[in-house]
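Derivation of every value follows stated rules applied to the coordinates shown; laboratory data play no part. Predicted model only: the values in this text are computed from it and were never measured. All Cβ positions, glycine included, derive from the backbone under ideal geometry; neighbour counts span all protein chains shown.
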Ligand SMILES: [Zn+2]
């Protein structure tokens, strides 16, 4: 499980998402695109979020 909060990525935004890496990648990317107009490369997010998972 990973927990990602938009605030950690430099946005003044209280969106958080918790779940399995793949799920979080989908949800975060969707949120980011809708709210901030930024679509990330899925593989990049996956890698970032997997690092969060192992460091917890
Ligand atoms: Zn956000």
Do me a favour and compute the ellipsoid semi-axes for the chain from its Cα gyration tensor, root of five times each eigenvalue, largest one first, whole Å.
17, 12, 10
Using Cα pairs under 8 angstrom and six or more residues apart, how large is the relative contact order of the chain, in percent?
32 percent
Label-point gap, in nm, between residue 35 and residue 18 - each point 7 angstrom along Cα→Cβ
1.6 nm
Expressed as an acute angle from 0 to 90° and rounded to the nearest 10, what is the orientation of the C-alpha long axis of helix 42-54 relative to the principal long axis of the chain?
50 degrees
